[in-house]
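One structure follows; several queries about it will come next.
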Amino acid sequence: MFSREKRLIGEENFEKLNNSTVAVIGVGGVGGYVVEALVRAGIGNLIIVDGDDIELSNINRQIIATTKTVGMKKVEAWKERILDINPNCNVKAIAEFYTIENKINFDNVDFIVDAIDSRQDKIELICEAQEKDIPILSAMGAGSRIEGCDFAIMDIYKTANDGLAKKLRKDLKARGVKKLATCCTLAAHIKQDGTVGSMSYVPALEGAKMASYVVNELLKI
């Protein structure tokens with residue numbers, strides 16, 4: 001199953017990934033593509049957290065969303081898909097939202113992927129990760145963009161053209177957070193009122209970039 005990857009990184013490095021535990025908080029658009037890439041990269045232990053059900057409007061941008069999965073809990077649909085890809089993956093599916101009142105046990109977690117939409121919950125997750133000294137990568141905005149964005153990993157205080165990042169910078173500074181790895185694009189977004197629109201490939205581009213960063217950080221090669 002992973003023979004091509006082992007030829008690239010070697011058996012020892014593959015075992016590092018197989019023995020790693022990654023928590024992905026929010027498994028919709030961006031987070032879903034992170035999960036897809038991580039399980040196919042051989043991450044052996046995944047914790048997936050999301051309280052949402054799959055809706056018809058998710059189909060245009062969430063890899064787990066199909067006409068057959070509409071109505072299912074996202075994490076339950078993801079658990080099925082993960083085990084279809086790699087039956088040996090250890091999956092813990094938590095059908096709840098991460099909030100300040102409802103935190104997750106991150107004992108023995110090697111890396112946290114933050115793909116939460118809610119700004120306040122995002123802040124709490126970031127602060128908890130840093131307090132527990134767990135590496136974390138936070139997703140910034142993937143909506144309101146139609147071009148094939150050049151997503152990059154950058155510190156939160158170096159982001160631009162991202163409304164979420166702008167608000168987070170102020171909040172995190174007030175909480176004493178001096179740095180934070182984020183995945184962000186500097187590309188300008190399309191101004192919209194109300195519900196943010198999304199294009200199919202943009203969350204995929206961000207998710208792939210984030211998964212790449214996680215794998216490289218776990219391997220450190």
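The values are calculated or read from the model by the stated rules, or taken from the named source; none is laboratory data. Everything numeric here is computed off the predicted structure, so don't read it as measured data. Every residue, glycine as well, gets a Cβ built from its backbone with ideal geometry; the counts of neighbours run over all protein chains shown.
Quick check on GLU124: is it among the acidic types (Asp, Glu), more than 23 Å from LEU17 (Cα to Cα) and assigned to a helix (DSSP H, G or I)? I'd like the intermediate steps shown before the answer.
On the way: among the acidic types (Asp, Glu): yes; more than 23 Å from LEU17 (Cα to Cα): yes; assigned to a helix (DSSP H, G or I): yes.
Considered against the rule, which asks whether it is among the acidic types (Asp, Glu), more than 23 Å from LEU17 (Cα to Cα) and assigned to a helix (DSSP H, G or I), GLU124 comes out as yes.
For a quick check of your reading of the model, give me the residue pairs whose first member lies in the range 112-141 and is closer than 15 Å to VAL34 by Cβ, whose second is outside any loop (DSSP other than H, G, I, E, B) and of a type in the set (Phe, Trp, Tyr), with beta-carbon atoms closer than 7 Å and at least 6 apart or on different chains.
Listed pairs, sorted by first residue: PRO135/PHE111; LEU137/TYR213.
Can you pull out every residue in the range 30-59 that is touching a residue at least 12 places away in the same chain (Cβ under 8 Å), assigned to a loop (DSSP other than H, G, I, E, B), farther than 19 Å from LEU218 by Cβ and of a type in the set (A, V, I, L, M, F, W, C)? Before the answer, list the steps.
First, the residues of the range 30-59 that are touching a residue at least 12 places away in the same chain (Cβ under 8 Å): 30-56, 58.
Then keep just the ones that are assigned to a loop (DSSP other than H, G, I, E, B); that gives 41-44, 50-52, 54-55.
The next check asks that each one be farther than 19 Å from LEU218 by Cβ; those that pass are 50-52, 54-55.
Across the range 30-59, the qualifying residue is only ILE54.
For the structure I just gave you, tell me whether PHE111 is at pLDDT 95 or above, among the aromatic types (Phe, Trp, Tyr), surrounded by fewer than 20 Cβ atoms within 10 Å (Cβ to Cβ) and under 16 Å from the mean Cα position of the chain (by Cα). Reasoning before the result, please.
On the way: at pLDDT 95 or above: yes; among the aromatic types (Phe, Trp, Tyr): yes; surrounded by fewer than 20 Cβ atoms within 10 Å (Cβ to Cβ): no; under 16 Å from the mean Cα position of the chain (by Cα): yes.
When the stated conditions are applied, PHE111 does not pass them.
Quickly run through the range 85-108 and pick out the residues that are more than 16 Å from the chain's Cα centre (by Cα) and within 18 Å of ASN18 (Cβ to Cβ).
Matches in the range 85-108: ILE85, ASN86, PRO87, ASN88, CYS89, ASN90, ASN108.
Related question: Which condition number does ILE134 fail, the rest of (1) modelled with pLDDT of 95 or more; (2) in contact with an Asp or Glu (Cβ under 8 Å, 6 or more places away or on another chain); (3) buried (at least 21 other Cβ atoms within 10 Å of the Cβ) being met?
So the condition that ILE134 fails would be (3).
Can you run down the residue pairs with Cβ atoms below 6 Å, 6 or more apart or on separate chains, where the first is in the range 1-29 and farther than 13 Å from ILE43 by Cβ and in contact (Cβ under 8 Å) with a residue 24 or more places away in the chain and the partner is surrounded by 20 or more Cβ atoms within 10 Å (Cβ to Cβ) and hydroxyl-bearing (Ser, Thr, Tyr)?
Between residues of the range 1-29 that are farther than 13 Å from ILE43 by Cβ and in contact (Cβ under 8 Å) with a residue 24 or more places away in the chain and residues that are surrounded by 20 or more Cβ atoms within 10 Å (Cβ to Cβ) and hydroxyl-bearing (Ser, Thr, Tyr), the close pairs are ILE25/TYR98.
Continuing with the same structure: Please find, within the range 167-203, the residue that is surrounded by the fewest Cβ atoms within 10 Å (Cβ to Cβ) out of those that are part of a loop (DSSP other than H, G, I, E, B) and in contact with a helix residue (DSSP H, G or I) (Cβ under 6 Å, 6 or more places away or on another chain). Let's see the steps before the verdict.
Residues of the range 167-203 part of a loop (DSSP other than H, G, I, E, B): 175-180, 185-200.
Of the ones still in play, those that are also in contact with a helix residue (DSSP H, G or I) (Cβ under 6 Å, 6 or more places away or on another chain) are 175, 180.
Working: ARG175: 11, LEU180: 22.
Once the filter is applied, the top-ranked residue is ARG175.
Something else about it: Does the range 13-26 contain any residue that is part of a helix (DSSP H, G or I), in contact with a strand residue (DSSP E or B) (Cβ under 7 Å, 6 or more places away or on another chain) and closer than 18 Å to CYS183 by Cβ?
To start, the set of residues in the range 13-26 that are part of a helix (DSSP H, G or I) comprises 13-18.
Restricting the remaining residues to those that are in contact with a strand residue (DSSP E or B) (Cβ under 7 Å, 6 or more places away or on another chain) gives none.
Checked against the condition, which is being part of a helix (DSSP H, G or I), in contact with a strand residue (DSSP E or B) (Cβ under 7 Å, 6 or more places away or on another chain) and closer than 18 Å to CYS183 by Cβ, the range 13-26 yields no hits at all.
Next question. For residues that are assigned to a helix (DSSP H, G or I) and touching a Cys at 6+ places or on another chain (Cβ under 9 Å), scanning just the range 137-163, find the one that is surrounded by the most Cβ atoms within 10 Å (Cβ to Cβ).
Filtering the range 137-163 for residues assigned to a helix (DSSP H, G or I) gives 156-158, 163.
With touching a Cys at 6+ places or on another chain (Cβ under 9 Å) added as a condition, the list becomes 156, 158.
Working: ILE156: 22, LYS158: 13.
Checked the range 137-163; the qualifying residue surrounded by the most Cβ atoms within 10 Å (Cβ to Cβ) is ILE156.
So, ILE221, is that one within 23 Å of LEU17 (Cβ to Cβ), modelled with pLDDT under 95 and loosely packed, with under 14 Cβ neighbours inside 10 Å or not? I'd like the intermediate steps shown before the answer.
Numbers: within 23 Å of LEU17 (Cβ to Cβ): yes; modelled with pLDDT under 95: yes; loosely packed, with under 14 Cβ neighbours inside 10 Å: yes.
In short, yes.
Of all the residues that make up the range 60-80, how many are out of contact with any helix residue (DSSP H, G or I) (no Cβ under 7 Å at 6 or more places or on another chain), surrounded by 16 or more Cβ atoms within 10 Å (Cβ to Cβ) and either in a loop (DSSP other than H, G, I, E, B) or in contact (Cβ under 8 Å) with a residue 40 or more places away in the chain (or both)?
The qualifying residues number 3.
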